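**Student:** Dropping a structure here in structure tokens format, bear with me for questions.
Where a number appears in this text, it was derived from the coordinates with a stated rule and is not lab data. Everything quoted here is computed from the prediction, not taken from an experiment. Please note: Cβ atoms are built from the backbone with ideal geometry, for glycine as well, and neighbour counts cover all protein chains shown.
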Amino acid sequence: MAAVALAMTAAGTYAQSRGARQAEKAMSAARNAEAARQGKLRSEADQLFNESLGKQGADVQKKRLATEVEERSAASAAAQVAQPIAEFKTQGDAPKIVKDESDVRVAAGNARALSDANLAANVQGFGDLQLGNALLNSRYLQDQGNLSRFMSDSSNTLGWELEAAARRGDKAKAIGAGLQTAGSLFGMGAAMGVNPFASTVAPSTLVTLPSSRLMDPNEYYRLLTAGR
Amino acid sequence: MCSGGGDGGAAQARADEQARQARVREGMDKINKNFYGFDEPFYRSRAKAYEDFANPQLEEQYNKQEQNLAYNLARSGLTSSSEAARNAGEIQRQYNTGRAAIAAEGINQSNAARRAVEENRADLIAQLNATGDARAAASGALNRANMLQQQMGFSPIGNLFQATTGLLGNAAQAGYYDRNAPGLGAFGLGQPGRTSASRVVN
């Protein structure tokens, strides 16, 4: 009787332990899988950030500013006309000194217009650079936002998986608990000299115990003997 | 039990989440593909469209200014003079400054197009994230891309020539006092017997 109780208790303990291990293993697997997913997404996010940073450091920005200003200046220069455009009808008969003066004035007008355009390009080029940065950042933020949402949503799903994993060993744990309870009962019975296999106890002396209570052996004995 | 098969639906939730991620990535690819046409040549074409629109207006303004200047120089007996040369230089400067300003505004217009395209793209991505519907995002991207390909309106350039010299100032106003100008006659009003079709011939 005592040996049976001991075996049942041991088996129950083993079953419960196995159930706990199953649950722990499943939870660990879920956590590891999520860590791998988060790591992959984080790696993508880091790569994007580094890419963004690489395009917006001071050195790169200065080069890009120079390019933007140059593009503006080139567009303005290409649009301008070097040849004199104002050819007054009677100027063909003008003295050479007047024609020379006109050429000088036209050249000066061209130079001034070009200079003004270049100065404007220098100012406006910075605006172009900032627009380029804003568009670049907007795209990077969109991509980072997506990754961030992926990470968050994935993390939220982990909660469900951990709940499910925690229930993974429930069957083994229930069997273990049953065996342990039975083992305890058998153990108490053995301590009191009761041998159910020998049928020495009259059915009328059997007491139905509430399953939720862990019985003290003394109380168990008191209940058994109370009816006598 | 839930559709997860005894796991409280966890497996289904994970599958749904992964499918959603895949749809968002797919939708992003489709948006990018549909917006692929908005490249540098497209934006340069926007700048050129503006220049094509504005330069004829500048030419028209210049021609009027030149005619009036020539008229004012002749009236003042200064056609072959250093004053004429000075005005030629000034009108050349203003013309080229106008050309440069139009080229710069062309770039501004191309920048405005970039902003408009990016705003549309951002809207579509927000829509994709809200719905996770790659097909709707792709369809929206195509529609928006087609709309953006249409020409946007440009405003008239305004007067680019200024009265920086006395003669140019007179030239700018010369048309006001031109007795051949139609005046109210252009609207069928004004002096009796004078219409926009009638001209005093000198």
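**Student:** Take the alpha carbon atoms of region B:96-128, find their center, do the same for region A:27-49, and report the distance between the two centers in whole angstrom.
**Tutor:** Their Cα centres are 38 Å away from one another.
**Student:** May I ask which residue of A:S115, A:A182, A:Q47 lies farthest towards the positive end of the charge dipole of region A:2-191, with charges of +1 (Lys, Arg) and -1 (Asp, Glu) on Cβ and the Cα centre as origin?
**Tutor:** In region A:2-191, that residue is A:A182.
**Student:** Related question: Roughly how big is region A:2-191's charge dipole about its Cα centre, with Cβ charges of +1 (Lys, Arg) and -1 (Asp, Glu), in debye to the nearest 20?
**Tutor:** Computed charge dipole of region A:2-191: roughly 1180 debye.
**Student:** Could I ask something else about it? Just check region A:2-191 against the gyration tensor rule for me: Cα atoms, a ≥ b ≥ c as the square roots of the eigenvalues, rounded for a/c under 1.5, and otherwise prolate or oblate depending on whether a/b exceeds b/c.
**Tutor:** It is prolate, given that a/c is not under 1.5 and a/b is the larger ratio.
**Student:** Considering every residue in A:106-114, what mean count of other chain Cβ atoms within 10 Å of its Cβ is obtained?
**Tutor:** 6
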